[in-house]
Amino acid sequence: MKKGKKIYEGKAKILYETDRPAMVIQEFKDDATAFDATKRGSIKEKGVINNEISAALFQMLESKGIPTHFVKRLSDREMLIKKLEIIRVEVTIRNISAGGISKALGIEEGVVLKSPVLEYHYKNDALHDPLMNDYHIEILGLATSKEMKKIKDYSFSINEILKDFFDKVGLKLVDFKLEFGRYKGRILLGDEISPDTCRLWDKKTNEKLDKDRFRRDLGRIEEAYQEVLKRVKA
C-alpha cells in the first residue's frame, strides 16, 4: 500500500491518499485540544494508543454487524480505512450525565439517565458545532431521512454493544460521539472510538479514564489512556 499526499489534517488525525482511490490512510496524532481548540497540548503516545483501541473496537463492532470504515491496522499510528464522504452530523449518545448535558440542563454530573439520550451536532468549526435536530439536517441537506434513520439505529445499537463490552472490563460508558459517512451507497461508521471520543469511568471508583483528564487538568493523562488500552486488549 503506497502512502500518497496529505489530503486532510484535523485536530487529532491526518488522512493520506493511497494508490487505491477508495482507500485512505488515517494517522493518529499526539496532539490534544479542548474547548473549541482554545486549549492545546500533547499527550505522549496518544496516537499509538488511540489507533490500537480504535482498531480493536472497530473489529469488535464489525463482528456484531456494524459496518465501519476500518480495513486494517498498518503501523503503530496508522490504519487503512475506506474513503468516506463524511456526513456533517456528529452523533452523541449519553448514558450518564456529564459535560454538555450537565451544563445545558443543570443536571448534576454522574446521574444515570432513564434512557440513552441521542444528540446531533452540526460539524462546523466556524459555528462551534452547534446542537441541531432532524429539521435542521433536512433544511441544510446534510442527509436524507432514510440515511438519518440508519444512523440513529446504528448509534443506539453501537451504544448497547459498547456499554456491554466496557462493562465487562470494568468501565462505565458515560457518553461518546460518533461520525458516519457514505461509501458506495452505504452508511458506515467512521472516525475513531477512543478515550478522545468517549467518556469512560472506572466502575468501582468513577475515576475518569478519558480526555476529561486533559480538559480539567486532572493529571495522569497518559496513564489513563494506557489503562483503557490494557482493559480493551485484555
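What follows is calculated from the coordinates using simple rules that are stated; it is not laboratory data. Given the structure is predicted, the values throughout are model-derived calculations rather than measurements. Cβ sites come from the backbone with ideal geometry, for glycine too, and all protein chains shown count toward neighbours.
Quick notes
- Entry note, the chain: the mean residue ellipticity at 222 nm calculated from DSSP H runs of n ≥ 4, each adding -39500 (n - 2.57), is -9500 deg cm²/dmol after division by the residues and rounding to the nearest 500.
- Amide H contacts under 5 Å for Ala32: Gly41, Ser42, Ile43, restricted to partners 5 or more places along the chain or on a different chain, H placed in the peptide plane at 1.01 Å from N.
- Pairs from the list Lys64/Lys204; Lys146/Lys177; Lys39/Lys150; Lys149/Lys172 with a Cα-Cα gap above 29 Å: Lys39/Lys150.
- Gyration tensor verdict on segment 1-110 (Cα atoms; rounded if a/c is under 1.5, prolate if a/b is larger than b/c, oblate otherwise): prolate
- Counting every other Cβ atom within 10 Å of each residue's Cβ, Leu200, Leu15 order from fewest to most as Leu15, Leu200.
- 3J(HN,Hα) couplings calculated from phi for segment 176-185 with the Karplus curve 6.51 cos²θ - 1.76 cosθ + 1.60 (θ = phi - 60°) are, in sequence order, 6, 10, 9, 10, 10, x, 9, 8, 6, x Hz; Gly and Pro show x.
- Rg [Å, one decimal], Dmax [Å, integer] - the chain, C-alpha atoms: 17.1, 51
- Residue with peak Gaussian network fluctuation, the chain [Cα springs, cutoff 10 Å], from Asp153, Asp76, Asp191: Asp153
- Each part reduced to its alpha carbon centroid, segment 1-44 and segment 122-161 end up 23 Å apart.
- At 0.692 mPa s and 37 °C, Stokes diffusion of segment 85-220 via Kirkwood alpha-carbon radius, µm² per second: 208
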